[in-house]
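First up is the structure itself, then whatever we jot down about it.
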Amino acid sequence: MEEWETREWFQEFLDAMNRHDPEALREFLDPGVRRAHLPAGADAWLDEYADLLHGFPDWQWRRIQVLVEEDRLAVHLRGSGAHTGVFRHVAPTRRRVSIASFAMYRVVRGRIVEASGTDDAEAIRAAVV
């Protein structure tokens, strides 16, 4: 993909996450996607995203910056939502959470095959306890 196509692709990926559409999101993930320090595979990614949405049903991601180089993206996002459901065994606090997220993705044929970055789940959990 050209750089502009990769940027558009990432915006579509972000839109799918913000619509909370797991089937659309699956189309952006390689079935065996590798994630640094996290379980591999699209199913594991989607299970963790479902857990996030259970705890924060209004969760949204906002793009701060995206850098593209060949098949790699470096992204800086801001995620936020209200803690109204159980998340990582923490009862709802009704607190509004906002975190910075930094990630690197390698994309092959329109699918994320590798991902690494900040541990968003731990940052979110730390913000509610």
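Some observations on this one:
- Count of residues meeting criterion [modelled with pLDDT under 95 and in contact with a strand residue (DSSP E or B) (Cβ under 9 Å, 6 or more places away or on another chain)] in region 110-125: 7
- Qualifying residue in region 65-79 (condition: of a type in the set (S, T, N, Q), farther than 27 Å from TRP4 by Cα and over 13 Å from the mean Cα position of the chain (by Cα)): no
- Restricting region 101-116 to residues that are touching a Lys or Arg at 6+ places or on another chain (Cβ under 9 Å) and open to solvent by 40 Å² or more (accessible area, probe 1.4 Å) leaves a set whose member that is farthest from ARG63 (Cα to Cα) is GLU114.
Conditions tested, residue by residue: (1) of a type in the set (A, V, I, L, M, F, W, C); (2) more than 20 Å from ASP30 (Cα to Cα); (3) in contact with a Pro (Cβ under 6 Å, 6 or more places away or on another chain).
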residue	(1), (2), (3)
LEU67	yes, yes, no
ALA74	yes, no, no
PRO92	no, yes, no
ARG95	no, yes, no
ARG106	no, no, no
ARG111	no, no, no
GLY117	no, no, no
ASP120	no, yes, no
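- The set of residues in region 22-37 that are over 12 Å from the mean Cα position of the chain (by Cα) and either of a type in the set (Gly, Ala, Ser) or assigned to a loop (DSSP other than H, G, I, E, B) (or both) comprises ALA24, GLU27, GLY32, ALA36, HIS37.
- Top-ranked residue of region 85-95 - restricted to ones that are touching a His at 6+ places or on another chain (Cβ under 8 Å) and at negative phi, ranked as surrounded by the most Cβ atoms within 10 Å (Cβ to Cβ): PHE87
- Evaluation of ALA40 against (1) loosely packed, with under 14 Cβ neighbours inside 10 Å; (2) assigned to a loop (DSSP other than H, G, I, E, B); (3) touching a Gly at 6+ places or on another chain (Cβ under 9 Å) (one fails), failing number: (1)
- Residue in region 83-98 that is within 28 Å of GLU70 (Cα to Cα) and among the aliphatic types (A, V, I, L, M) present: no
- Residues in region 56-84 that are open to solvent by 10 Å² or more (accessible area, probe 1.4 Å) and not in a strand (DSSP E or B): 5 in all.
The values are calculated or read from the model by the stated rules, or taken from the named source; none is laboratory data. On a predicted model such as this, the values are computed, not experimentally measured, just so you know. Cβ coordinates were reconstructed from backbone atoms using ideal geometry, including for glycine residues, and neighbour counts include every protein chain displayed. Areas reflect the complete protein model, heavy atoms only, side chains present, ligands, DNA and RNA absent. Shrake-Rupley method; radii C 1.70, N 1.55, O 1.52, S 1.80 Å.
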